[in-house]
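Enquirer: Quick one: this structure, given as structure tokens, is what I'll be asking you about.
The values are calculated or read from the model by the stated rules, or taken from the named source; none is laboratory data. All of these numbers come straight from a predicted model, not from anything done at the bench. All Cβ positions, glycine included, derive from the backbone under ideal geometry; neighbour counts span all protein chains shown. Each accessible area value is taken on the protein alone, full model and side chains, heavy atoms only, with ligands, DNA and RNA left out. Shrake-Rupley method; radii C 1.70, N 1.55, O 1.52, S 1.80 Å.
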Amino acid sequence: MQFRYVTSAITLAVASVALSLSAIADEVADRIFHGGVIWTGVSDTPNATAIALSAGKILAVGTEDEIKAYQGPITEVVNLSGRFLMPGFTDNHVHFEMGSNGLSQVQLRDAATPEEFARRIAEAAANAPHGAWVLEGAWDHELWGGELPDRAWIDDATADVPVAVTRLDGHMILANTKAMTMAGIGPDTPDPEGGVIVRDANGRATGVFKDNAIPLVMSAMTLPSDAVMEKIFKDGIEHALSLGVTQVHDMGYDWRSLETFQRLKAKDELKIRVYAFTPLAEWEKLEAYVDAHGRGDDRLRWGALKGFVDGSLGSTTAWFYEPYTDEPDTAGFPIANMKELEADVVGASAAGLHVTVHAIGYQANDKLLDIFERASEGQDPKDLRFRIEHAQHLTADAIARFAPLGVTASMHPYHLIDDGRWAEKRIGKERLKGTYAIGSVMETGANVTFGSDWSVAPLDPIQGIYAAVARQTTDGKNPDGWIASEKITVAQALKAYTQNNAYAGFMDDSSGMLKPGYVADLVVLSDNPFEVAPAELSNIMVLRTVVGGEDLYTSEGK
């Protein structure tokens, strides 16, 4: 009996110790970052110096002494050495396949003359594998004065290699004769609804295709294999991490992007968080998919849809009320059938799916707000969270409608310092009012989120913050800011890349701020943006990117 009593006592003691250790372990951090300046997003200014992480989540945020209490014998302790730590950036709008593919394609963004444009394409064609197309490019004809390119510029050097290079806004391509021949496009091929085949004075197709005319060419291209897609996406993921991007909202043109992300996740190779959007016109397919498979998890989610109203300012296909100043034969046009678009918005939202729609021009935004207003009657805006992608040119009435309708303005600040070089010649000075009206929309209390529209603009959030705060155009001609009245503060810009995006993506209960229980997605910057002059913000560097508590990118000199 005595032996049995002693054994029982030992068992109870061991159990007690195990329970005590378990209780302690729940409060012991895997990692602690300290000795820095930490902006949690809870306030408008940095308000902490240390943070504790556990099991991929934030355990606690506070002072050095407060966080030291969470340190255990195996806790990794990282000294920030005065660096700035904040929530990881979310990009509200990327075209991940195009952007990732563009990393290894011809680079035309800074090709400043027709000769240099043609030279780079010729070089890419000469080095292209047999059967491959020369794609992407992100060219900008405004760099050489605004003349659209012509296939004659590149045909001699690319005779046997199909070329379909994209203007940086994604709404125009230049195809060579080889690509057009493969696509069966001839002199009598008509313009499709919502698209334009650009022709010269003699009626000859120049090789430039706008908006809904682009698929006429691209349909001739063989789709990349699953393996190639995965390789492209992994390159894009590494690029995102190097810029502090821990989550993207991917505006997929089809379902292949979602499928690629799903394969990468199954292989434990999806290092960033993804909210995948599929085409709005296919909302019934998505509804059935969600019914069968749910909506994913906090690493990869779906259940969202992207539609279009119009094209872009740079391609003169954004939909205005009056003709373009430099192209008076057009005021732009809707690239969607507006009745069908409204039916899709109503049907998708009624099915519990998340809807966002691209709108650039004044008329496009007004018409889309009308659709959203009708579709949301009798419903809580927080359940719908409608978004307008770009919201680029807004009338005063439109600016006032976002907040009461609960519509998010999903904006892309780098575009303003790029387009600001030439926008006045496109629509005139008077119509610039309401252009990239970031500050005005924020003042109404509406939710404003930021992203890049990658590959249309660089993925780098630091450049987006600089653009929104300084508004200095890339040509250096607006040192005090282009439409300077729309400048915003650093705090507003950081929130637009973090917590505002979390709300717009239905993740505001778990990400976008540094709070206990939220995902441990962090970025460490070289400098405190609150203490950097606006003109110098673009020089800030990303030193470390953390997703789910793990370092997935570090740079030299941290």
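Enquirer: Only one of Ala391, Ala375 is within 19 Å of Gly311 (Cα to Cα), out of contact with any Gly (no Cβ under 8 Å at 6 or more places or on another chain) and of a type in the set (A, V, I, L, M, F, W, C); which? Outline the logic, then answer.
Expert: On the way: Ala375 fails: within 19 Å of Gly311 (Cα to Cα).
From the options Ala391, Ala375, the qualifying one is Ala391.
Enquirer: Anything in segment 357-399 that is in contact with a Leu (Cβ under 7 Å, 6 or more places away or on another chain) and in a strand (DSSP E or B)? List them, or say none.
Expert: Val357, Ala359, Ile388
Enquirer: OK, next. Checking Ile232 against (1) within 30 Å of Ser526 (Cβ to Cβ); (2) open to solvent by less than 10 Å² (accessible area, probe 1.4 Å); (3) not polar (S, T, N, Q): exactly one of these is not met. Which one?
Expert: (2)
Enquirer: Right, next: If I ask for residues that are assigned to a helix (DSSP H, G or I) and either acidic (Asp, Glu) or over 11 Å from Trp153 (Cβ atoms) (or both), which ones from segment 107-130 would you list? Break it down into steps so the answer makes sense when it comes.
Expert: First, the residues of segment 107-130 that are assigned to a helix (DSSP H, G or I): 114-127.
Across segment 107-130, the qualifying residues are Glu115, Glu116, Arg120, Glu123, Ala124, Ala125, Ala126, Asn127.
Enquirer: Could you list, in sequence order, the residues of segment 154-194 that are surrounded by fewer than 20 Cβ atoms within 10 Å (Cβ to Cβ) and of a type outside the set (D, E, K, R)?
Expert: Matches in segment 154-194: Ala157, Ala159, Thr177, Thr181, Met182, Gly184, Gly186, Pro187, Thr189, Pro190, Pro192, Gly194.
Enquirer: Look at segment 43-73 and say how many of its residues are touching a residue at least 24 places away in the same chain (Cβ under 8 Å), farther than 16 Å from Asp30 by Cα and of a type in the set (Gly, Ala, Ser).
Expert: The qualifying residues number 1.
Enquirer: Restricting attention to segment 309-325, does a residue exist that is closer than 28 Å to Gly512 by Cα, among the small types (Gly, Ala, Ser) and either in a loop (DSSP other than H, G, I, E, B) or touching a Pro at 6+ places or on another chain (Cβ under 9 Å) (or both)? It would help to see each step written out before you state the result.
Expert: Pass one, segment 309-325, residues closer than 28 Å to Gly512 by Cα: none.
No - not one qualifying residue is present in segment 309-325.
Enquirer: Residues that are touching a His at 6+ places or on another chain (Cβ under 8 Å), among the hydroxyl-bearing types (Ser, Thr, Tyr), touching a residue at least 60 places away in the same chain (Cβ under 8 Å) and surrounded by 14 or more Cβ atoms within 10 Å (Cβ to Cβ): does segment 74-91 have at least one?
Expert: yes
Enquirer: Here is a check on your reading of the model: is Phe402 closer than 20 Å to Ile335 by Cα, out of contact with any Asp or Glu (no Cβ under 6 Å at 6 or more places or on another chain) and in a helix (DSSP H, G or I)? So that I can check it myself, show each step before the final result.
Expert: Numbers: closer than 20 Å to Ile335 by Cα: no; out of contact with any Asp or Glu (no Cβ under 6 Å at 6 or more places or on another chain): yes; in a helix (DSSP H, G or I): yes.
Considered against the rule, which asks whether it is closer than 20 Å to Ile335 by Cα, out of contact with any Asp or Glu (no Cβ under 6 Å at 6 or more places or on another chain) and in a helix (DSSP H, G or I), Phe402 comes out as no.
Enquirer: Could you say whether any residue in segment 242-249 is open to solvent by 10 Å² or more (accessible area, probe 1.4 Å), part of a loop (DSSP other than H, G, I, E, B) and of a type outside the set (Val, Ile, Thr)?
Expert: The answer is yes; a qualifying residue exists.
Enquirer: While we're here: Have a look at Thr408, Thr435, Thr449 and point out the one that is of a type in the set (S, T, N, Q), touching a helix residue (DSSP H, G or I) at 6+ places or on another chain (Cβ under 7 Å), more than 29 Å from Thr545 (Cβ to Cβ) and at pLDDT 95 or above.
Expert: One residue alone meets the criteria, Thr435.
Enquirer: Only residues that are buried (at least 20 other Cβ atoms within 10 Å of the Cβ), of a type in the set (Val, Ile, Thr) and within 12 Å of Pro87 (Cα to Cα): list them for segment 38-60, please.
Expert: Selection gives Ile38, Thr40, Ile51, Ile58.
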